[in-house]
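The values are calculated or read from the model by the stated rules, or taken from the named source; none is laboratory data. Everything numeric here is computed off the predicted structure, so don't read it as measured data. Cβ atoms come from the backbone with ideal geometry, glycine included; neighbour counts cover every protein chain shown. Areas reflect the complete protein model, heavy atoms only, side chains present, ligands, DNA and RNA absent. Shrake-Rupley method; radii C 1.70, N 1.55, O 1.52, S 1.80 Å.
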Amino acid sequence: QVHLLESGGELVQTGESLRLSCAVSGRTVRTTTMAWFRQAPGKEREFVAAIRRDSHTYYADSVKGRFTISRDNAKNTVDLQMNSLRPEDTAVYYCSTTNAVLSAIRQVSAYNYWGQGTQVTVSS
């Protein structure tokens with residue numbers, strides 16, 4: 001059974017930084033694709049970033065250059081460093097895992113396991 005526990009979300013000002021962390025059990029982060037998604041009120045869950053087992057990373061255009069996904073193999077965690085935060089980054093952030101092919105890793109439907117999420121609020 002896969003369990004995911006996100007943490008690190010809080011209220012910040014525009015331009016500030018946050019680091020989210022996802023503790024994973026039941027799956028080894030270095031052997032699979034790990035991803036972050038987010039869901040704002042009234043909107044669909046959307047892809048943010050992913051890291052594959054070959055360490056290649058992928059980002060949504062809206063966060064490219066500001067967010068960085070990484071993993072700690074020893075701790076079996078996946079982090080999301082978020083810089084230059086904007087009000088439009090406000091959402092509940094979720095981590096997940098998939099063994100889907102590369103062409104599918106941006107799709108919510110490719111993921112079966114979700115944590116409870118962590119709230120990020122960016123005030124203007």
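Computed on the chain, with alpha-carbon pairs under 8 angstrom and 6+ residues apart, the relative contact order is 36 percent. Under a Cβ-Cβ cut-off of 15 Å, what is the net charge of the residues other than Ser25 that fall near it, where Lys and Arg count +1 and Asp and Glu count -1? After counting each charged neighbour, the total is +2. With point charges of +1 on the Cβ of Lys and Arg and -1 on the Cβ of Asp and Glu, referenced to the Cα centre of the chain, which listed residue (Ser70, Val120, Thr14) lies farthest in the positive direction of the dipole? Among Ser70, Val120, Thr14, the one farthest towards the positive end of the dipole of the chain is Ser70. Between the range 9-34 and the range 37-93, how far is it from one alpha carbon centroid to the other, in angstrom? Using only Cα atoms, the two centres lie 7 Å from each other. Net charge in the neighbourhood of Asp72 (other residues with Cβ under 15 Å of its Cβ; Lys, Arg +1, Asp, Glu -1) is +4. Normalised per residue, the accessible area of the chain is 51 Å², obtained with a 1.4 Å probe and no contribution from ligands, DNA or RNA.
Around the Cα centre of the chain, unit charges on the Cβ atoms of Lys, Arg, Asp and Glu (plus for the first two, minus for the last two) sum to a dipole of about 340 debye.
Out of the total accessible area of the chain (probe 1.4 Å, heavy atoms of protein only), what percent is carbon and sulfur?
About 46 percent, which is the carbon plus sulfur part of the accessible surface.
Please list the three semi-axes, largest first and in whole Å, of the ellipsoid equivalent to the range 15-98, using sqrt of 5 times the eigenvalues of its alpha carbon gyration tensor. Working from the Cα gyration tensor, I get semi-axes of 21, 13, 12 Å.
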